[in-house]
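Structure first, then comments.
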Amino acid sequence: MVIQAAYRVTGRAEDAEDVLQTVFMRLIKRDNLPDLSEGSGPYLRRAAVNAAVDIVRSRKAASVPLESVVDFLVDRGAQRPDQVRSAAELRGWLREAVSRLNDRAAEIFTLRFIEGASNQEIADLLETSPGTVAVTIHRVRTQLQASLQSFLGGMQ
């Protein structure tokens, strides 16, 4: 589960393996280890997302595979080379945009649109209210929409 979550965020198997190692090394170094028996999935998924976002931010050219999110931006049935190129450019733009979000917003966006978590699940993971999650998602989408319009204006 950790590798899958990390791979969906980073898009690279090597980075996903690094995230796996990072997550478990952080656990080993903790004085008070959390109980990783039943129900540890959400904790590990959140740790993987956070470590993966850290790796993406540390890269000069951020790369977050947002193929599951790009469906709202691009028709996946694109067959012509110009359509494929446009889809790749949009994914690149979205990767860069997510890497510029603040930590909390990037985490919420990633959990919602990459991991597919509901607002309630995210709220439970982050110990906040579903309303706070919804407002953050709305603000991020508004910010990304404005940035996308600027990006698309530059492509023409």
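The values are calculated or read from the model by the stated rules, or taken from the named source; none is laboratory data. In this text, all values refer to a predicted model and were calculated from it rather than measured experimentally. Glycine gets a Cβ as well: all are built from the backbone with ideal geometry, and neighbour counts include every protein chain shown.
Name the one entry in V70, V49 that is at pLDDT 75 or above, closer than 27 Å to V133 by Cα, in contact with a helix residue (DSSP H, G or I) (Cβ under 6 Å, 6 or more places away or on another chain) and among the β-branched types (V, I, T). Outline the logic, then answer.
Details: V70 fails: at pLDDT 75 or above.
Result of the check over V70, V49: V49.
Checking L94, L125 one by one, the residue that is at negative phi, in contact with a Lys or Arg (Cβ under 6 Å, 6 or more places away or on another chain) and either in a helix (DSSP H, G or I) or surrounded by fewer than 18 Cβ atoms within 10 Å (Cβ to Cβ) (or both) is L125 and no other. Of the residues making up the range 34-46, not a single one is at pLDDT below 85, under 16 Å from the mean Cα position of the chain (by Cα) and not in a helix (DSSP H, G or I). Entry remark, the range 73-113: residues being at pLDDT 80 or above and of a type in the set (A, V, I, L, M) number 7 in total. Filtered by the rule that a residue be surrounded by 17 or more Cβ atoms within 10 Å (Cβ to Cβ) and not β-branched (V, I, T), the range 128-156 gives L144, F151. Scanning the range 1-25 for residues that are of a type in the set (K, R) and either buried (at least 23 other Cβ atoms within 10 Å of the Cβ) or touching a Pro at 6+ places or on another chain (Cβ under 8 Å) (or both) gives a single hit, R8.
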